[in-house]
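S.K.: Here it is, the structure, as structure tokens.
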Amino acid sequence: MNWSSYFPTKVFFGSNAVRDNYAVLENLGKRALIVTGKGGSAQRSGALDDVGRALEQLSIKWEVFNEVEANPSIQTVRKGAAVARSFRLILLLVLGAAHRWIVPRPLLSWLATKSVMKNCLPCSLKMSCR
């Protein structure tokens, strides 16, 4: 099985990064899922509030999935994908410990758009997907 994927990513870092760059979100969709860790640093730092205000300014509906543990399990990724699917996700935003989501982010995005057998992983050659 051969496959490739393209997951464009933009990273903004620094003071006022959201306030100064929120316009880049304007044409990316009208529904966003914000993914954060369980620890609550995105909320404590004010980043979640900043992003929420920016999305509201752009009339983008949003929800938060804040159940990501360190080294996320496939169960957490599947749960996030289910939330994304039920919300009809268009835009996935990751706040806080984003390094945890370098691999799970594209997997969550992929699972959110597929009907997948219970134990299927897209990168496994031994399992098949519907």
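Every read-out reported here was derived from the displayed coordinates using simple, explicitly stated rules and does not represent laboratory data. This one's a predicted model, so the numbers in the text were calculated from it and none came from an experiment. Note: ideal-geometry Cβ built from the backbone for every residue, glycine included; neighbour counts use all protein chains shown.
S.K.: Looking at region 22-70, which of the residues that are in a helix (DSSP H, G or I) and among the polar types (S, T, N, Q) is surrounded by the fewest Cβ atoms within 10 Å (Cβ to Cβ)?
M.R.: Result: Gln57.
S.K.: So the check is Cβ under 9 Å with 6+ separation or different chains; which pairs have a first residue in region 43-58 that's over 15 Å from Leu92 (Cβ atoms) and a second one that's of a type in the set (Lys, Arg) and in a loop (DSSP other than H, G, I, E, B)?
M.R.: Filtered contacts from region 43-58: Leu58/Lys30.
S.K.: Okay, next question. Considering only residues that are more than 14 Å from the chain's Cα centre (by Cα) and assigned to a loop (DSSP other than H, G, I, E, B), look in region 71-82 and name the one that is nearest to Val24 (Cα to Cα).
M.R.: Asn71
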